[in-house]
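Visitor: Just dropping this structure here.
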Amino acid sequence: MADVLPTRSALVSRVLPFSCVDGPGNRLVLFLQGCNFRCPGCHNPHTIGLCDDCGDCLAVCPSGALTLSESKIHWYAVLCTDCDACLDVCPRSANPKTATMTVDDVLALLRRYGPLLSGITVSGGEATTQLPFVVALFAAIKGAPDLANLTCLLDSNGSLAETGWQRLLPVLDGAMLDLKGWRDSVHLSLTGYGRDRVLASLRLLASHGKLAELRLLHVPGKSDFLDASGELDEDLAAFLQQLGPVPIRLNGFRHHGVRGEAAQWPEAHQTELEQLASRLRAAGLGPVSLPALMG
């Protein structure tokens, strides 16, 4: 029994009962805690680390929602005012307001909201750092007659190895992957991680018809999707064309939630995204979509 439980529970940072921006339709979104990337421009940096129960957050909690008992931090949701002071002081970019959820817990939520949902999206942090849980959850959904109509999507940074994807593919309807830089050096500077595993994941998912969306992040002065003359990088274009017809979503860097050095980076403008979109479309790629609102 001991070796079964870890596959049927996960550390969850947040549950969003309804979302229309995390995949098609109306979706329940599960944000898992923990990420293997260290993106300086992360909009949710509190989902990166894992709480080590240091206690730094206790002194700044105004409502007493966080306590230390038996050397563990405990969070009481009924007392929490969501001021997020605890997130601001955490030295590990962790969220002390997490919950351990089992597969059955999530199935109960899906049954509660099911008539209003198109499916579930598991996000993060990085969802695949808790892969056994994701596989068990999607398998349980597919095996439940009253839930099998729901689609199972994954929002991922693409760092999962091929062996991991092979475990997930039979129960996965689609994955939405980020490509945050083209050249390896640029990808490394924007994520703390090389690009090779991400490119391999994109190829694998596309070959199985399960690359639901490719997301390109434009960071002014740092991104390299366009060359010095403002044209689409030729090698990038060739790679994307090899993937076949894949929806591409462009995201522009914004300051919301960002901490540290990236808070001083310039924000992306709509005209920059429109230029990139134009180059992608001219290369026969897409369909390409842009954020609904940009400053």
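The values are calculated or read from the model by the stated rules, or taken from the named source; none is laboratory data. Being a predicted model, the structure only gives us computed values, none of them experimental. Neighbour counts are summed over all protein chains in view; Cβ atoms, including those assigned to glycine, are modelled from backbone coordinates with ideal geometry. Ligands, DNA and RNA are stripped out before the accessible areas are found, and what is left, the full protein with its side chains, is counted by its heavy atoms. Shrake-Rupley method; radii C 1.70, N 1.55, O 1.52, S 1.80 Å.
Visitor: Excluding Asp155 itself, what net charge comes from residues whose Cβ is under 15 Å from its Cβ, given Lys and Arg +1 and Asp and Glu -1? Provide the component values of the computation, followed by the final result.
Guide: Working: positive: Arg14, Arg27, Lys180, Lys210, Arg215, Arg249; negative: Asp22, Glu126, Asp173, Asp178, Glu213.
In short, +1.
Visitor: Moving to a separate point now. Quick one: P(r) of region 205-268 from all Cα-Cα pairs, 5 Å bins, percents rounded to integers, in order of increasing distance.
Guide: P(r) over region 205-268, rounded to whole percents: 4, 15, 20, 21, 15, 13, 10, 2, 0.
Visitor: For region 146-186, what % of the accessible area comes from carbon and sulfur atoms, probe 1.4 Å? Walk me through the numbers before you get to the answer.
Guide: Working: 720 of 1440 Å².
Carbon with sulfur: 50 percent of the solvent-accessible area.
Visitor: Under Stokes-Einstein, with the Kirkwood radius over Cα pairs standing in for Rh, what whole-number D in µm²/s applies to region 124-236 at 4 °C and 1.567 mPa s? Walk me through the numbers on the way to the answer.
Guide: Working: Rh = 15.2 Å.
Estimated diffusion coefficient is 85 µm²/s.
Visitor: Sticking with this structure for a sec: If you roll a 1.4 Å probe over region 4-125 with all protein chains in place, what percent of the accessible area is carbon or sulfur? If you can, show how the numbers build up before the last one.
Guide: Values: 3350 of 5990 Å².
Here carbon and sulfur together make up 56 percent of the probe-accessible area.
Visitor: Relative contact order of the chain, please, whole-number percent, based on alpha carbon pairs below 8 angstrom and at least 6 residues apart.
Guide: Values: 556 pairs, mean separation 50.2, N = 295.
The normalised contact order for the chain reaches 17 percent.
Visitor: Further question: Amide H of Cys51 versus every other amide H placed in the peptide plane: which residues, excluding those fewer than 5 positions away on the same chain, fall under 5 Å?
Guide: So Cys51 has HN proximity to Asn95.
Visitor: Right, here's the next one. Whole Å is fine, so just give me how far the alpha carbon centre of region 223-295 lies from that of region 144-180.
Guide: Centre-to-centre (Cα) distance: 24 Å.
Visitor: Now a separate question. Can you compute the helix-only [θ] at 222 nm over the chain? Use -39500 (n - 2.57) per DSSP H run of at least 4 residues, normalise by all residues, nearest 500 deg cm²/dmol.
Guide: Estimated from H runs of four or more residues: -8000 deg cm²/dmol.
Visitor: Using the Karplus curve 6.51 cos²θ - 1.76 cosθ + 1.60 with θ = phi - 60°, what ³J(HN,Hα) values do you get for each residue of region 173-183, in whole Hz, with x for Gly and Pro?
Guide: 8, x, 10, 10, 10, 9, 10, 9, x, 8, 5
Visitor: In Å, the Kirkwood hydrodynamic radius of the chain over pairs of distinct alpha carbons?
Guide: Working: mean 1/r = 0.0493 Å⁻¹.
Answer for the chain: a Kirkwood hydrodynamic radius of 20.3 Å.
Visitor: Pull the list of the chain cysteines that no other Cys approaches to under 4.7 Å, Cβ to Cβ.
Guide: Isolated Cys, the chain: Cys20, Cys35, Cys51, Cys54, Cys61, Cys80, Cys83, Cys90, Cys152.
Visitor: Ok, one more. Quantify how much of the Cα-Cα distance distribution of region 74-121 extends past 15 Å, in percent.
Guide: Values: 692 of 1128 pairs.
I get 61 percent for the Cα pairs in region 74-121 exceeding 15 Å.
Visitor: Now a separate question. With r as the distance between the Cβ atoms of Ser278 and His256 and R0 = 25 Å, compute the FRET efficiency 1/(1 + (r/R0)^6) and round to 0.05.
Guide: Details: r = 26 Å, r/R0 = 1.03.
The calculated FRET efficiency here is 0.45.
Visitor: Same structure, new question: For the chain, what is the accessible area per residue in Å², given a 1.4 Å probe and the full set of protein chains?
Guide: Numbers: 13770 Å² over 295 residues.
For the chain, the solvent-accessible area averages 47 Å² per residue.
Visitor: Can you tell me how much longer the chain between Ala228 and Thr163 gets when fully stretched, taken as 0.36 nm per residue apart minus their C-alpha distance, in nm with one decimal?
Guide: Numbers: separation 65, 0.36 × 65 = 23.40 nm, distance 3.78 nm.
So the extension gain works out to 19.6 nm.
Visitor: Something else now. Against the 2.2 N^0.38 Å scaling, with N counting residues, where does region 149-211 land? I'd like the Cα-based Rg ratio to two decimal places. Intermediate results must be reported in sequence, preceding the final value.
Guide: Numbers: Rg = 12.2 Å, N = 63, 2.2 N^0.38 = 10.6 Å.
It is 1.14.
Visitor: Round to a whole number: what % of the accessible area of region 239-295 belongs to carbon and sulfur, probe 1.4 Å? Write out the running numbers ahead of the final one.
Guide: On the way: 1640 of 3120 Å².
The nonpolar share, carbon plus sulfur, comes to 53 percent.
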